[in-house]
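Everything on this sheet refers to the single structure shown next.
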Amino acid sequence: MTDLPLPPDSTVPAARARISLWGGAPWADPARRDEAREAAREVEALGYSRIWLSGGFDPGLHPVFGELLDATEEIGVASGIVSVYAATPEQTREGFADLERRHPGRFLLGLGNSHAVVVEGSGQDYAKPYSRTVEHLDALDAGGGVPRERRALAALGPRMLRLARDRSLGAHPYFTTPAHTTFARGVLGRGVLLAPEVAVVLEEDPAKARAVARRYATGYLALPNYTNNLRRFGYDDEDFADGGSERLVDELIPWGDTATVVAGIARHVDAGADEVAVQVLTASGQDFPLEQWGELARALLG
């Protein structure tokens, strides 16, 4: 990657990679935009490299990306992801061009094919998601304006990972284990961005921590894209029931005190990630957890 400086070296293993934040629902809530802008300024001051946010399923690029860039000075912002079923190539090209004009070099366009239940719920056919992604990339290349090194792909399986390697800066896997990070790095090879999202819970009580983790995991375990990927690594239907088995939850979502959570993040770095998008989960799921972001920044970034 060339768009942002690496975090300073420290004794923490995870400092070998960029450490970013993955933002949840409050960031895109229209009623909380002032809070989101202030949170973005705090995240920038803490030293995080980038803020990843969902692009939602409205047409085009969500306005929150520009608003956060407007509110900050240097931190990167990335879409995780804009669905190729929700935005046309023209919309993504125009949205990217606008952000590039206003904030050169700071926006990374993350693209993906979303999920069948979401796409079909909008009245579209999800029969060929891989082909749809290829067509979107082809159209971007034909029209120009979104260079390969300024876009990334949501990728889990080998075919999408190879597409991310060959047609973009790299891959942004979501809801994955360190074993998947090892697998993804093997497919991507060296010198290609691998930026997994890693959800964490800063809570030492096992019952409370796993309850927060399962609240987050339940919806994703109903989506075949994620469960099919997890099956590659030895998980089955028993692991997907009731918000996830202990072995799955504990592997997917590091929890505990700061040192334990940092060690969980470092496992992805050791497995080959060169950026980790950390999503801090809370009991309500509606917080901007500034204190916890600060704890992790001090541990990870020095």
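The values are calculated or read from the model by the stated rules, or taken from the named source; none is laboratory data. Just so you know, these numbers come straight off a predicted model, no measurement behind them. Glycine also receives a Cβ, built like all others from the backbone with ideal geometry; neighbour counts cover every protein chain displayed. These accessible areas exclude ligands, DNA and RNA; they are computed on the full protein's heavy atoms, side chains included. Shrake-Rupley method; radii C 1.70, N 1.55, O 1.52, S 1.80 Å.
Below, the figures for the structure above:
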{"quantity": "Descending semi-axes in whole angstrom, ellipsoid equivalent of segment 146-201, from the Cα gyration tensor", "calculated": "18, 13, 9"}
{"quantity": "Accessible carbon and sulfur surface of the chain relative to its total accessible area, %, 1.4 Å", "calculated": "50 percent"}
{"quantity": "Two-decimal Rg to Rh for segment 84-239 - Kirkwood Rh, Cα set", "calculated": "1.00"}
{"quantity": "Computed label-point distance, nm, for sites residue 263 and residue 34 using a 7 Å Cα→Cβ extension", "calculated": "4.3 nm"}
{"quantity": "Protection-proxy order for peptides 26-36, 241-251, each taking the mean of Cβ atoms within 10 Å per residue, highest first", "calculated": "241-251, 26-36"}
{"quantity": "Karplus 3J(HN,Hα) series, Hz, for segment 108-121 with 6.51 cos²θ - 1.76 cosθ + 1.60 (x for Gly, Pro)", "calculated": "10, 7, x, 10, x, 9, 6, 9, 4, 4, 6, 5, 5, x"}
{"quantity": "For segment 105-173, the Rg and Dmax computed from alpha carbons only, in angstrom", "calculated": "12.3, 35"}
{"quantity": "Reciprocal of mean inverse Cα separation for the chain (Kirkwood radius, Å)", "calculated": "19.2 Å"}
{"quantity": "Integer Hz, Karplus 6.51/-1.76/1.60 couplings in order for segment 171-186, x for Gly and Pro", "calculated": "10, 10, x, 10, 6, 10, 9, x, 4, 5, 4, 4, 4, 5, 4, x"}
{"quantity": "In range of the label at residue 97: residues from segment 42-81 whose backbone nitrogen is under 19 Å from the point 7 Å along Cα→Cβ", "calculated": "59-63, 66"}
{"quantity": "Segment 186-252 - accessible surface per residue (Å², probe 1.4 Å)", "calculated": "47 Å²"}
{"quantity": "1.4 Å probe accessible area per residue over segment 1-160, in Å²", "calculated": "43 Å²"}
{"quantity": "In sequence order, calculated HN-Hα J values of segment 126-131 (Karplus, 6.51, -1.76, 1.60; Hz; x Gly/Pro)", "calculated": "9, 5, 10, x, 5, 4"}
{"quantity": "Viscosity 1.002 mPa s, temperature 20 °C, Stokes-Einstein D of segment 185-302 from Kirkwood C-alpha radius, µm²/s", "calculated": "142 µm²/s"}
{"quantity": "Quotient of C-alpha Rg and 2.2 N^0.38 Å, computed over segment 16-121", "calculated": "1.04"}
